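S.K.: Below: one structure in structure tokens.
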Amino acid sequence: PTKLPSLSFPSGPPFECLRRPSRWVPPRMDSSVSPVPRKDKVVVLMGATGSGKSSLSIDLATLFPSEVVNSDKMQVYDGLDITTNKISIPDRRNVPHHLLGEIDPEDGEFNPSDFRSFGGSAIAGIVSRRKLPLIVGGSNSFIHSLIVEQFNPDDDVFTDLNSKSISTEFRYNCCFIWVDVSFPVLCNYLAERVDEMLDLGMFEELAEFYNPDRIKTPTETGLRKAIGVPEFDRYFSKYPPMTEPKEDDWEWRRMRREAYDEAVREIKENTFQLVKRQLRKIQKLRGAGWDLHRVDATMAFREVLMTSDRNRKQRLKPENQKKKKSRRWIDIWNKDVLQPTMKIVKQFFEE
Ligand code: ATP
């Protein structure tokens, strides 16, 4: 019979090793030479609330075919879209988003272990579609639980005084981008953002969410912890939604206005405190050896603040106001944030 050349090993080196001896014994596994499975590449966009991560993720997704996995622990829940500041559907520009408003808040708290398993499945799906997973959100405990090789839900790594408990062994090949904005600039911007969210209907959304018959628990869970809920619950307990205003009772009206202003003031203050905590956690991850690439969006945010300041000074009606995201803003954003990020991500792909 004709010998099929492709099925027979030629003799002599270097093929000798491939021949089976008469009594074949499996070769000893040498871990130093055994092929290590390649880890999936993911890009993680980190940063405090309001720092522009969502906008950057969409810019990136138009350049590298990607899908977003949300890592903000309030935005995973269905509901309160304005209050939790979820990216709107038109702003998503057809980029698929995962774990954004998918979890029923009635099903109890969605914790880091849940995020690890749901987020892990979302990443596997994205990779199977040959797209880049972009992890985007400000909850660092979620990001940590998702990417570390060994996750122990009982370890509260961020409250530990030292960073020893934060692992640098990851189950993915990660590229970390930290969108940073100087703290005072970000706070000024966030104070304006709260006012805008109220203009967009945050108060009405919270009024609908308010349930006077609910028995309060000392520690609220899930979506009930979102900034805005406890602050306005206190207001609604005194001034329930749908109560007829007492037209002539000016004192009642004045007190109601004061209670409203107090709730708004608390929301702003609690948002600033959230930023502080988030920045502390990011510094901790960096200190533990996470290789975070910092991009500085401060100048772009200064430009937004300057535009709204000009609008205020000129007392223009909203329809005549200059768009906050001016041409200048786009130029600064591109130069300081988008281009450096693209360069980092491109390099990560070429590695
Ligand atoms: P992590 O501890 O996971 O890093 P984090 O950065 O979101 O989480 P925490 O210090 O745990 O910060 O604060 C979470 C609290 O911040 C929530 O309970 C909620 O009050 C508020 N919060 C976070 N994200 C949002 C959001 N998108 N909308 C409203 N409130 C939010």
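Where a number appears in this text, it was derived from the coordinates with a stated rule and is not lab data. Keep in mind that this is a model prediction, so the values were computed, not measured. Ideal geometry is used to build each Cβ from the backbone, glycine not excepted, and the neighbour counts take in all protein chains shown.
S.K.: (1) closer than 27 Å to Ala226 by Cα; (2) within 16 Å of the ligand (Cβ to nearest atom); (3) surrounded by fewer than 18 Cβ atoms within 10 Å (Cβ to Cβ): which one isn't true of Leu279, the others all being true?
M.R.: (3)
S.K.: Suppose we filter segment 216-230 for residues that are basic (Lys, Arg) and touching a residue at least 24 places away in the same chain (Cβ under 8 Å); how many remain?
M.R.: 2
S.K.: Would you check if there is a residue in segment 69-80 being away from the ligand (no atom under 11 Å from the Cβ), of a type in the set (Ser, Thr, Tyr) and closer than 23 Å to Phe348 by Cβ?
M.R.: Among the residues of segment 69-80, not one is away from the ligand (no atom under 11 Å from the Cβ), of a type in the set (Ser, Thr, Tyr) and closer than 23 Å to Phe348 by Cβ, which makes the answer no.
S.K.: Within segment 199-228, track down each residue that is among the aliphatic types (A, V, I, L, M), surrounded by 20 or more Cβ atoms within 10 Å (Cβ to Cβ) and under 17 Å from Ala263 (Cα atoms).
M.R.: Met202, Leu206, Ala226, Ile227
S.K.: Now a separate question. Might you let me know whether segment 261-271 holds any residue that is buried (at least 16 other Cβ atoms within 10 Å of the Cβ), out of contact with any strand residue (DSSP E or B) (no Cβ under 9 Å at 6 or more places or on another chain) and under 22 Å from Phe158 (Cβ atoms)?
M.R.: Yes, some residue in segment 261-271 is buried (at least 16 other Cβ atoms within 10 Å of the Cβ), out of contact with any strand residue (DSSP E or B) (no Cβ under 9 Å at 6 or more places or on another chain) and under 22 Å from Phe158 (Cβ atoms).
S.K.: With the requirement that a residue be part of a helix (DSSP H, G or I) and of a type in the set (A, V, I, L, M), what does segment 118-156 give you?
M.R.: Selection gives Ala122, Ile123, Ala124, Ile126, Val127, Ile143, Leu146, Ile147.
S.K.: Checking Ile166 against (1) within 14 Å of the ligand (Cβ to nearest atom); (2) assigned to a helix (DSSP H, G or I); (3) in contact with a helix residue (DSSP H, G or I) (Cβ under 7 Å, 6 or more places away or on another chain), only one condition comes out false. Which one?
M.R.: Every condition holds for Ile166 apart from (2).
S.K.: Keeping to segment 95-138, report how many residues are within 27 Å of Lys281 (Cα to Cα) and among the β-branched types (Val, Ile, Thr).
M.R.: Qualifying residue count, segment 95-138: 4.
S.K.: Also: Could you tell me whether Gly108 is closer than 14 Å to Gly222 by Cα, within 15 Å of the ligand (Cβ to nearest atom) and of a type in the set (Gly, Ala, Ser)?
M.R.: Answer is yes for this residue.
S.K.: Got a sec? Which of Arg277, Arg257, Arg294 is assigned to a helix (DSSP H, G or I) and either touching a strand residue (DSSP E or B) at 6+ places or on another chain (Cβ under 7 Å) or within 15 Å of Gly47 (Cβ to Cβ) (or both)?
M.R.: Arg277
S.K.: Within segment 203-212, is even one residue in contact with a strand residue (DSSP E or B) (Cβ under 8 Å, 6 or more places away or on another chain) and either closer than 30 Å to Phe115 by Cα or among the hydrophobic types (A, V, I, L, M, F, W, C) (or both)?
M.R.: no
S.K.: Can you give me the number of residues within segment 71-99 that are polar (S, T, N, Q), under 22 Å from Arg129 (Cα atoms) and surrounded by fewer than 23 Cβ atoms within 10 Å (Cβ to Cβ)?
M.R.: 1
S.K.: Just one of Val181, Val148, Val136 is out of contact with any Leu (no Cβ under 9 Å at 6 or more places or on another chain) and closer than 24 Å to Thr84 by Cβ; which is it?
M.R.: Val181
S.K.: Got a sec? Which of Asp233, Asp213, Asp248 is assigned to a helix (DSSP H, G or I) and either touching a residue at least 24 places away in the same chain (Cβ under 8 Å) or among the charged types (D, E, K, R) (or both)?
M.R.: Asp233
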